[in-house]
Amino acid sequence: MLSSTARLLDDYAQAHRTPGNRACHSVGIPLIVFSVVLALATARLGPRFTAAEPAVAAFSIAEIAVDPAPGALFLLFAAGCDVAGRTLAASLGGRSALVLAAVVFAAGWAFQVVGHAVYEKNRPAFARNLRHLLIGPLWIARKALGRAER
């Protein structure tokens, strides 16, 4: 793993030390990822693809380049979100799917806010460094594989 990424993960872990905050993030971050993929799945890019597939591919490539095993786990999760998002967008229709995506997005961020305000009593890591918005999903994947910092 690149040393700059290791530093980012360590910095991220410093802002997420309490079990309550970690639990909130373990729910909130996947909800946020799903909501973004669902929203992107409502935008068709021709007959076979939506905006979700290039976004999932690009983000997954970046995650795999940083740390292969957690990146691959993220790819599996994001691909599942894509399948679910496409299915929901097709069955609900674009407008309803976007409303659902917005509600799930807000719920995911509510978990993040509760984690920091109630349990950690600190500001979110992305307030110091916007790259932490991209590190969160990798941190969750590393945690799922038993490789989370701290």
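On the given criteria, is V56 within 29 Å of H16 (Cα to Cα), surrounded by fewer than 22 Cβ atoms within 10 Å (Cβ to Cβ) and touching a helix residue (DSSP H, G or I) at 6+ places or on another chain (Cβ under 7 Å)? Give the derivation first.
Values: within 29 Å of H16 (Cα to Cα): yes; surrounded by fewer than 22 Cβ atoms within 10 Å (Cβ to Cβ): no; touching a helix residue (DSSP H, G or I) at 6+ places or on another chain (Cβ under 7 Å): yes.
When the stated conditions are applied, V56 does not pass them.
Give the range 109-146 a look and list any residue that's of a type in the set (D, E, K, R) and in contact with an Asp or Glu (Cβ under 8 Å, 6 or more places away or on another chain), or say none.
R128, R142
Assess whether S60 counts as being within 16 Å of I135 (Cβ to Cβ), out of contact with any Gly (no Cβ under 9 Å at 6 or more places or on another chain) and hydroxyl-bearing (S, T, Y). Let's see the steps before the verdict.
Numbers: within 16 Å of I135 (Cβ to Cβ): yes; out of contact with any Gly (no Cβ under 9 Å at 6 or more places or on another chain): no; hydroxyl-bearing (S, T, Y): yes.
Judged against the criteria, S60 is not a match.
In the list A97, A89, A79, which residue meets the criterion of being free of Cβ contacts under 8 Å to residues at least 40 places away in the same chain and more than 20 Å from G28 (Cβ to Cβ)?
A79
Check the range 47-58 and report whether any residue there is in a helix (DSSP H, G or I), closer than 22 Å to P124 by Cα and under 12 Å from the mean Cα position of the chain (by Cα). First the steps, then the outcome.
First, pick out the residues of the range 47-58 that are in a helix (DSSP H, G or I): 52-58.
Right, trim to closer than 22 Å to P124 by Cα and you get none.
Within the range 47-58, none of the residues are in a helix (DSSP H, G or I), closer than 22 Å to P124 by Cα and under 12 Å from the mean Cα position of the chain (by Cα).
So which residues in the range 1-27 are in contact with an Asp or Glu (Cβ under 8 Å, 6 or more places away or on another chain) and either assigned to a helix (DSSP H, G or I) or not small (G, A, S) (or both), if there are any at all?
M1, T5, L9, D10, Y12, A13, H16, R17, T18, G20, N21
Of all residues in the range 60-72, which are in contact (Cβ under 8 Å) with a residue 40 or more places away in the chain and in a helix (DSSP H, G or I)?
Hits for the range 60-72 are A62, E63, V66, A69, P70, G71.
Given (1) under 24 Å from F111 (Cα atoms); (2) touching a Lys or Arg at 6+ places or on another chain (Cβ under 9 Å), where does L75 come up short, assuming only one miss?
For L75, the exception is condition (2).
So that you can scan it fast, the table gives a plain yes or no per residue for (1) under 17 Å from the mean Cα position of the chain (by Cα); (2) surrounded by fewer than 20 Cβ atoms within 10 Å (Cβ to Cβ); (3) among the aromatic types (F, W, Y); (4) at pLDDT below 95:
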site	(1), (2), (3), (4)
L88	no, yes, no, no
S96	no, yes, no, no
A107	yes, yes, no, no
G136	yes, no, no, yes
R150	no, yes, no, yes
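The values are calculated or read from the model by the stated rules, or taken from the named source; none is laboratory data. As the structure is a computational prediction, the values presented were derived from the model and not from experiment. Cβ atoms come from the backbone with ideal geometry, glycine included; neighbour counts cover every protein chain shown.
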